[in-house]
Amino acid sequence: MSILLAVISMSVLALLLGIGLGYAAKRFAVPVDPRIEEAIGAMPGANCGGCGFPGCGGLVKAVARGETKPNVCAPGGSAVAKRLSEIFGLEASGGAPKVAQVRCRVGADPDWEKFEYDHELGCGTAMLLAGGVGTCDFGCVGMLDCVKACPFGALSKSPDSKRPPVVDVSRCTGCGICVETCPNRVIALVDLNRQPVVYCRSILKGKLAKGCCIVACIACGKCERNCPEKAVSMQNNLPVIDLAKCTRCGKCIEGCPTKVILMFRDDLKTPAPAGTAPSVPAAS
Amino acid sequence: MSFFGFKGGVHPPELKAAAGKAIETVPPPQTAVIPLAQSLGKPAKAAVAKKDAVLRGQLIGEAQGMVSANVHSSISGTVKDVGPARGPLGTFVECVFIESDGKDQAAEFKGADLNALSPQEVIDRIKAAGLVGMGGATFPTHVKLAPPPGKKIDTLIINGCECEPCLTADHRLMVEKADDVMAGAAIFRKALGVARAIVGVEDNKPDAAEALSKSASRHGVEVAVLHVKYPQGAEKQLIKALLNREVPSGGLPMDVGAVVQNVATAKAARDAVVEGRPLYERVLTLGGGAAQGNRNFLVRIGTPFSEVVKFAGGTKGDAMKIVSGGPMMGLAQATLDLPVTKGTSGILLLTERETGPQRMFPCLRCGKCYDACPMGLRPALISRCVEKRRFDELEGLDVLDCIECGCCAYECPANRRIVQNVKRGKAEIAKIRRKRKEKEDKAKAEAAKPKA
């Protein structure tokens, strides 16, 4: 009899609690974006944190909120980027993946330091003093802040320490952390396909620019005049190339007197630009 | 006059070898390179074009906006170019290049009688003359003289501390032009409409204090002698030492009813108001072990450092470091091809021995920098946060209150580059705040969208 009592009372209790829980689950349900569930399933699931977000779920949520681009997952690569873009209906980052490029050829100028500086302190600190260590105030400071900041190890010190860091295109995911880190905004993201890139940030002109660095853009405007498609325009003493108009003919590169415009990823045809050329041969 | 002192601070060797040497005048340069950005705030806009003829004292740069100062030509001649050149910070700034015609012809200066002017007219004259704080911070003077309504100013302090080692420019100015400095103090007092004006002088300059005392009663300005301690010449520390008032964190001297002006600025204010002469020259000290003795010079704005050094007889021995300003707060420079500006209080050519030990050791956690910091900050912690790139933690450490006096780095037994790191920290905080604002603006714009 006493067993029966216990069974009944437990059953009643279970029923009541079950009804309560069932009601609460419906009443207090948090709507979950079904896309997020789907996207998490598409992620590699390593939870490496390399993207800078707390695990794969964190990245997916950030993509859903529009805080980051879908192509920052290094282990997943382009397949995951494509899948994420599909799920969230984003443009697959303009087709070609982006990679960072250090737009400075200071390595080609052997005589670039204007004073001695404690290299331990980093680029951002060095820039606060007399316009930076280099004779050019606008180029690479060369103290490797970007190398330390890169979560994927895609940037590394050039074999010659005086040169700007080298970008390993096969590792770069185009996350843009180095772009934010560089105090001079020397690093930019470029499409991983054949295109002319201006490897100089100096806004000085002529003699003044050349006095700072032998591989500086002297704002002569020859590239602007040579371009048959009128894709090049001079802005703030630097050429800006409209890639939609550009036919990759290379006329701007031929005419450049200081060789600051180079064809990106054309390294199989021409000698590599000092210090800044992608260090790996063409990958997919 | 009571003396209250301030927390922290250090006692570096004074090295005031030029204290007894009269001010010498450097001849006007052949080419003056005059930066248009010589004050805090917005750079001035060029008021002359290439090939224009200019006279000494003629306006060549017009102040832009509220915090900005006029710039005047320091020689007569023709404008050779308006373009970028290395300015006071060693970075490229817009400059006016003036080729001298050798005549050094002055523009017409209209003098005035102080008694006939209203306070607003006094401020207007000071604004027109392009006055900035000549102690080194180069804050436009007219802005300090016009506090926003609601801020009640009761005391004017004239800063004659010159606590930086080596520099004696203000000291000599006080000795040789004591009456002009006092007249300038009276002008500031009139502009602010305050009853009390005090000149603070450190007790290592008894001749300056004596010279000032002679004309003190005539202008109704008090002279206070303060015990030597660096950085007494920092305005917040001077207010504490003289008035026992503490400027709140993030505040300005006007929050505690005080305005501080440098003695050189006071002298320039007299020239501007009484003679109508704008600010186009200043006194600076050339010093350091690699200079031919420490000396004081009256130099035209826009004279290259190299010409000042050449006039003084060149260098001797090996100069290891060029510093613009004093040894504690000055900025190391990479070249002597920099123009003297309104804020250049000294040029130092230091030898290797004087630059001190260079090797950096790990932080010992000794806490000497905590004791030395006159602002009561935690320098070692700030420095470490910057080194470890933990910029988000800096905002809680009151980094923006740092006056960059260098006491922490001076005391540091491990030679850590604390001030450099703090400066970086300030820049990073500005970056973080800018980004946060951008994000907020974006969110606001998005929130406003559906309504529209």
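The values are calculated or read from the model by the stated rules, or taken from the named source; none is laboratory data. Predicted, not measured: the structure shown is a model, and the values here were computed from it. A quick note on method: Cβ atoms are made from the backbone with ideal geometry, for glycine too, and the neighbour counts reach across all protein chains shown. With ligands, DNA and RNA removed, areas are computed over all heavy atoms of the protein, side chains included. Shrake-Rupley method; radii C 1.70, N 1.55, O 1.52, S 1.80 Å.
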Averaged per residue, what accessible surface does chain B expose to a 1.4 Å probe, in Å²?
43 Å²
How do B:MET320, B:MET174, A:MET263 stack up against each other in accessible area, from largest to smallest, with a 1.4 angstrom probe?
B:MET320, A:MET263, B:MET174
Pull up the cross-link candidates among the lysines for A:LYS82, meaning alpha carbon to alpha carbon under 19 Å and not fewer than 8 places away within one chain.
A:LYS61, A:LYS69, A:LYS98
B:ARG245 and A:ALA24 label points (each 7 Å along its Cα→Cβ direction) are spaced in nm at 6.0 nm
Determine the principal axes of the Cα atoms in the range A:98-264, then give the extent along each, sorted from largest to smallest and rounded to whole angstroms.
47, 37, 24
hull vol. (C-alpha, convex hull) per residue for the range B:368-448, Å³ -> 81 Å³
Could you list which residues have their amide H under 5 Å from that of B:ALA291, counting only those 5 or more apart in sequence or on another chain, with H placed in the peptide plane?
B:LYS316, B:LEU349
To the nearest 10 square angstrom, how much accessible area does B:TYR230 have with a 1.4 angstrom probe?
10 Å²
Could you give the angle, 0 to 90 degrees to the nearest 10, between helix A:2-27's Cα long axis and the longest principal axis of the Cα atoms of chain A?
40 degrees
List, in order, the whole-Hz ³J(HN,Hα) value for each residue of the range B:319-328 obtained from phi through the Karplus relation with A = 6.51, B = -1.76, C = 1.60 and θ = phi - 60°; use x for Gly and Pro.
7, 9, 9, 9, 10, 9, x, x, x, 7
Derived scalar couplings ³J(HN,Hα) [the range A:176-185; Karplus, 6.51 cos²θ - 1.76 cosθ + 1.60; whole Hz; x for Gly, Pro]
x, 5, 5, 4, 5, 6, 4, x, 9, 6
Restricting to Cα pairs under 8 Å and 6 or more apart, the percent relative contact order of chain B works out to 18 percent
Quote the relative contact order of the range A:34-88 in percent (integer), defining contacts as alpha-carbon pairs under 8 Å separated by 6+ residues.
36 percent
For the range A:196-216 and the range B:317-337, write down the distance between their C-alpha centroids in whole Å.
27 Å
In square angstrom to the nearest 100, the accessible surface buried at the A/B interface, both sides summed with a 1.4 Å probe, amounts to 1800 Å²
Mean ellipticity per residue at 222 nm, deg cm²/dmol - from DSSP H runs of n ≥ 4 across chain B, formula -39500 (n - 2.57):
-8500 deg cm²/dmol
What accessible area per residue comes out for the range A:98-264, rounded to a whole number of Å², with a 1.4 Å probe?
41 Å²
Would you list which aspartates and glutamates come within 13 Å of B:LYS435, measuring only between C-alpha atoms, while excluding same-chain residues fewer than 8 positions from it?
A:GLU180, B:ASP392
Quick check: Cα centre of the range B:198-275 to Cα centre of the range B:396-444, how many Å?
28 Å
In this model, which of A:LYS205/B:LYS388; A:LYS114/B:LYS21; A:LYS157/A:LYS205; B:LYS152/B:LYS368; B:LYS103/B:LYS190; B:LYS7/B:LYS342 are farther than 32 Å apart at the alpha-carbon?
A:LYS205/B:LYS388; A:LYS114/B:LYS21; B:LYS152/B:LYS368; B:LYS103/B:LYS190
Can you list residues from other chains, or at least 5 along the same chain, whose modelled amide H is less than 5 Å from the amide H of B:VAL199?
B:ILE158, B:GLU222, B:VAL223, B:ALA224
Would you compute, from DSSP H runs of 4+ residues alone, the mean residue ellipticity of chain A at 222 nm, taking -39500 (n - 2.57) per run and dividing by the full residue count, rounded to the nearest 500?
-9000 deg cm²/dmol
Result for the range A:34-88: accessible area per residue, probe 1.4 angstrom, in square angstrom, of 50 Å²
Restricting everything to alpha-carbon atoms, can you work out Rg to Rh for chain A with a Kirkwood hydrodynamic radius?
1.22
Under Karplus coefficients 6.51, -1.76 and 1.60, residue-wise ³J(HN,Hα) of the range B:38-49 in Hz, glycine/proline x
10, 9, 5, x, 6, x, 6, 9, 4, 9, 10, 10
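Give me the compactness ratio for the protein assembly as shown, meaning the Cα radius of gyration over 2.2 N^0.38 Å.
Details: Rg = 31.2 Å, N = 736, 2.2 N^0.38 = 27.0 Å.
Here the Cα radius of gyration is 1.15 times the empirical estimate.
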Please list, or write none, the aspartates and glutamates whose alpha carbon is within less than 20 Å of the alpha carbon of B:LYS51, excluding same-chain residues fewer than 8 places away.
B:GLU62, B:ASP81, B:GLU94, B:GLU99, B:ASP101, B:ASP104
Which value, in nm² and rounded to one decimal, describes the direction-averaged projected area of the C-alpha convex hull of chain B?
23.9 nm²
